[in-house]
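Laboratory data are not the source of any read-out in this text; all were calculated from the coordinates shown. All of these numbers come straight from a predicted model, not from anything done at the bench. Positions of Cβ are backbone-derived with ideal geometry, glycine not excepted, and every protein chain shown enters the neighbour counts.
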């Protein structure tokens, strides 16, 4: 997309020949902008190219992602939710526990984290490791991983994290949250298929 093209080049239609060479040498040899200014310039170009946080964002509905917006999304779909003692939003989908977390130094990271509703024996740890690695190799979302609980059993998790430093529209937030839930459900369904619940089968 040419995110890092010099803005002077865009305004003037480009530099050519010897003049362009002198400009390049001047920029490399003795830049009149320090690193901080260069960083700000690059961020400005990226924001403009991606339609990120600018004064026009309100027109296009781009807003910071907050816990209140996540709760509004959950309520709009008629889902039930809870807020735990740490202030995190969670709920149960198909008996699986999910959390919708917002964190980061500027509350810019949105994470949908799901927990499989069953546990696996520690003796199967190599199997579970292979399953998680295979899933993560073949798919972008969600990240699959596991933890060994204090009781010695394995708990499998699904996690999708997105950097939303520049905010998101309602449509974008809807897609991200729906994606976090649906892709985690796919992982957990595959675990159900790999490890069928014996109690569900007739004796």
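Of note:
- Förster radius 30 Å - calculated FRET efficiency between residue 193 and residue 72 (Cβ-Cβ, nearest 0.05): 0.30
- With both labels modelled 7 Å from their Cα along Cα-to-Cβ, the residue 86 to residue 122 distance reads 2.4 nm.
- The stretch between residue 140 and residue 109 holds 9.5 nm of extra length on full extension. This uses 0.36 nm per residue minus the Cα-Cα distance.
- Computed extension length for residue 182-residue 93: 31.0 nm, one decimal, from 0.36 nm per residue of separation with the Cα-Cα distance subtracted.
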